[in-house]
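Please read the structure below before turning to the comments.
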Amino acid sequence: MEKKTALITGATSGIGKATAIQFAKNGIHLILCGRRQERLDALKNELSPLTEVTTLSFDVRDKEAAFNAIESLPNSFSTIDILINNAGNAHGLDPIQTGSIDDWDAMIDINVKGLLYVSKAIIPKMTERKSGHIINIGSTAGKEVYPNGNVYCASKHAVDAINKAMRIDLNEYGIRVGAVHPGLVETEFSNVRFKGDDERADNVYKGFDPLRPEDIADIIHFMISRPYHVNLADLIVLPTAQASSTIVKKTF
Ligand code: NDP
Ligand code: 8X3
């Protein structure tokens, strides 16, 4: 069977890294993206015995860097069948009246504009071939709004809208578009949100059984391994202990 090629943004950590590992186990060729080259190199070394792997190090905020990186792919990786738009983070958890404008810029530039730049660099070849699969990683923060989540929630509501818009615009090209919207997943997400305050970050996941990045990777692999006429369009995935952004059953 012909091997598929997937480009994963944010493959250096968390959900993106777990997805890369899951895809490699299933023989999918990988283009691993992120800013931290040493982590990309380490993951490439780990996965190369299982599948073909290449890496692209760029900041998704930098549109020129994103286009140049994707343009630079060798022929053997230039047909991208699957795009996993995963790179993103929350920066800060502050009320709107005291929030940092730098944090707002980071979240809009990475989670929204970065996703658009990478998609724009890849979609035209998918429309030419009339095939492809795009999975956008949204969040429960894109389905509801919680206290102090303001701009992060706005950025993920934008991802939700972009996911729906892509599915409509790409419908005539037979391209599959779907989103996964996770609740609380234990990754480096909260370490980034709280800018290295690891104790505060760890506390987010204490007292209940959070999702693990592998849980989301499993679901992403399930989505891409359905027969081509099946498109999982919009999935909300929660830990059992979580009912909504603000309702989590904790043991303390
Ligand atoms: P991590 O912090 O573990 O991973 C984030 C990834 O995004 C890293 O690989 C990082 O790579 C990459 N990234 C961040 N900023 C940039 C940038 N400017 N340019 C390129 N890559 C970047 O978090 P998660 O795995 O949890 O997050 C992955 C996605 O899942 C995000 O979109 C997040 O919003 C979403 N999500 C997470 C949830 C959670 O509870 N953890 C729940 C719902 C959604 P590098 O730093 O090397 O560039
Ligand atoms: C990450 C989940 O609840 O921290 O998107 O916003 S949450």
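Numbers at a glance
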{"quantity": "0 to 90° range, to nearest 10: angle between helix 37-47 axis and the chain longest Cα axis", "calculated": "60 degrees"}
{"quantity": "The chain, accessible surface, carbon-and-sulfur percent (1.4 angstrom probe)", "calculated": "52 percent"}
{"quantity": "Bridge type composition, the chain - antiparallel percent by DSSP, nearest 5", "calculated": "5 percent"}
{"quantity": "HN-Hα J in Hz across the stretch 137-152 - Karplus 6.51, -1.76, 1.60, θ = phi - 60°, x for Gly and Pro", "calculated": "8, x, 4, 4, 5, x, 10, 8, 10, 10, x, 6, x, 2, 6, 4"}
{"quantity": "Candidates VAL185, VAL118, VAL230, ranked by Gaussian network fluctuation over the chain, Cα under 10 Å, top entry", "calculated": "VAL230"}
{"quantity": "Residue order for ASP81, ASP169, ASP105 - accessible surface, 1.4 angstrom probe, largest first", "calculated": "ASP169, ASP105, ASP81"}
{"quantity": "Summed side-chain charge close to ILE236 - residues other than ILE236 whose Cβ falls under 11 Å, Lys, Arg +1, Asp, Glu -1", "calculated": "-2"}
{"quantity": "Cross-link pairs beyond the 27 Å C-alpha cut-off, checked among LYS25/LYS113; LYS25/LYS63; LYS113/LYS164", "calculated": "LYS25/LYS113; LYS25/LYS63"}
{"quantity": "Neighbourhood net charge (11 Å Cβ-Cβ; Lys/Arg +1, Asp/Glu -1) for SER13", "calculated": "+3"}
{"quantity": "Two-site FRET efficiency, ALA243 against GLU172, from Cβ-Cβ distance with R₀ of 51 Å, rounded to 0.05", "calculated": "0.85"}
{"quantity": "Cα-based reach from LYS125 at 16 Å (exclusive), listing lysines while leaving out same-chain residues under 8 positions away", "calculated": "LYS4"}
{"quantity": "For the chain, accessible area per residue (1.4 Å probe, heavy atoms of protein chains only), Å²", "calculated": "48 Å²"}
{"quantity": "Spatially proximal aspartates and glutamates relative to LYS195 (Cα-Cα < 15 Å; intrachain offsets below 8 disregarded)", "calculated": "ASP94, ASP102, ASP103"}
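The values are calculated or read from the model by the stated rules, or taken from the named source; none is laboratory data. From a predicted model like this one, the values you see are computed outputs, not experimental measurements. Every residue, glycine among them, receives a Cβ derived from its backbone with ideal geometry; neighbour counts consider all protein chains shown. Ligands, DNA and RNA are stripped out before the accessible areas are found, and what is left, the full protein with its side chains, is counted by its heavy atoms. Shrake-Rupley method; radii C 1.70, N 1.55, O 1.52, S 1.80 Å.
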